[in-house]
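One structure below.
The values are calculated or read from the model by the stated rules, or taken from the named source; none is laboratory data. Keep in mind that this is a model prediction, so the values were computed, not measured. Counting neighbours? That spans all protein chains shown, and the Cβs are built from the backbone with ideal geometry, glycine included.
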Amino acid sequence: MVTKLENEKRQPRAAESSAGTLTIGVLGVKGGVGASTFALNLAAQLAAGNDLPVSPGCIIMDANLQQPDLALLLNLKPRFSISDLIPRLNSLSVELLSSCLTESAGVSLLTASDNISEALTVSPDALSQLLGAIKTLKGLPVCLVDLPKTLDKNLLTMLDDLDHLILVMEATVPALAATGKWLSILSDLGIDKDRLTLVLNRSGGKMKDVEKQLLNLTAKRQSHSLFKVVNAYEEAENAAIEGLPLVLRNSRSAYAKSIAAVCRHLAENPVLKEGPCRI
């Protein structure tokens with residue numbers, strides 16, 4: 001549970017103009033809800049721009065140090081990783097960050113090392129410092145962060161530093177229980193309606209009763225925006241085999257349209273509309 005950082009209920013952070021890079025976190029209420037796939041497709045949609053009211057461009061950072069999935073979903077073997085940046089945080093620049101990105105399908109990926117021994121040399125505290133350093137950089141597009149699922153002090157620090165958070169759920173009994181816990185935690189952290197978007201992933205499946213309970217649970221917090229992303233599990237898996245985000249593989253699909261709806265919502269957010277890197 002949340003302790004003293006945690007024990008005192010925080011006041012919602014006032015909306016403020018970002019002087020540097022806008023940071024949007026994607027957090028699954030538990031493992032297996034499809035948060036990483038959602039994050040990748042959201043990044044691809046933001047990067048493409050298309051006919052959306054957003055400025056094209058997006059960096060996505062895989063903050064799952066022990067099990068980074070994004071490179072796998074893109075069929076990539078990045079030459080550089082987060083581990084290469086950590087020792088140079090004090091001199092971090094747009095140029096240095098760009099040199100550690102791997103480009104694919106219009107997405108700029110910064111990932112943890114696939115060498116587990118190397119990845120474990122990066123402390124969670126250093127990861128928070130990296131996010132803070134990226135936020136100060138000017139002239140970059142949005143940085144989307146695929147957050148780790150482990151609830152600890154460092155994740156809480158990252159959550160507090162983000163400009164916006166997307167909480168990803170799905171209609172299963174374990175996810176329903178986890179959603180209730182996370183909504184309470186985020187409320188205690190003072191993450192208010194302008195900084196939180198809820199996404200019901202894989203909507204429209206067979207678990208209609210559970211989905212109804214989940215919608216009832218979130219409806220109690222009427223100030224939060226909730227979006228349904230249609231169930232396209234098999235299509236997303238096939239797209240991953242090709243190393244291509246599903247929104248690019250089939251840009252006219254119901255899935256792509258539901259991701260685009262989230263993008264439009266973000267573009268209208270009062271926090272994210274401000275600053276030189278507005279989306």
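Restricting attention to segment 112-136, the residues that are in a loop (DSSP other than H, G, I, E, B) and either of a type in the set (D, E, K, R) or closer than 11 Å to T23 by Cα (or both) total 1. Close contacts from segment 204-215, counting a first residue that is closer than 15 Å to Y233 by Cα and a second that is at pLDDT 80 or above and part of a loop (DSSP other than H, G, I, E, B), with Cβ to Cβ under 6 Å and a gap of 6+ residues or different chains, come to G204/N231; G205/N231; M207/A171.
When V26, V33 are checked against the criterion of being at pLDDT 90 or above, touching a Phe, Trp or Tyr at 6+ places or on another chain (Cβ under 7 Å) and buried (at least 20 other Cβ atoms within 10 Å of the Cβ), a single residue qualifies: V26.
Screening L40 with (1) farther than 18 Å from K149 by Cα; (2) at pLDDT 90 or above; (3) touching a helix residue (DSSP H, G or I) at 6+ places or on another chain (Cβ under 7 Å) gives one miss only, at (1).
Here's the yes/no breakdown for (1) free of Cβ contacts under 8 Å to residues at least 40 places away in the same chain; (2) closer than 25 Å to L73 by Cβ:
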| position | (1), (2) |
| --- | --- |
| I191 | no, no |
| V199 | no, yes |
| E242 | no, yes |
| R249 | yes, yes |
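When you check L217 against the structure, is it at pLDDT below 85 and within 25 Å of S187 (Cβ to Cβ), yes or no? Yes, satisfied. Taking segment 137-171 as the range and being among the polar types (S, T, N, Q) and part of a loop (DSSP other than H, G, I, E, B) as the test, only T150 passes.
Picking from residues in segment 94-111 that are modelled with pLDDT of 90 or more and assigned to a loop (DSSP other than H, G, I, E, B), the one that is surrounded by the fewest Cβ atoms within 10 Å (Cβ to Cβ) is L101.
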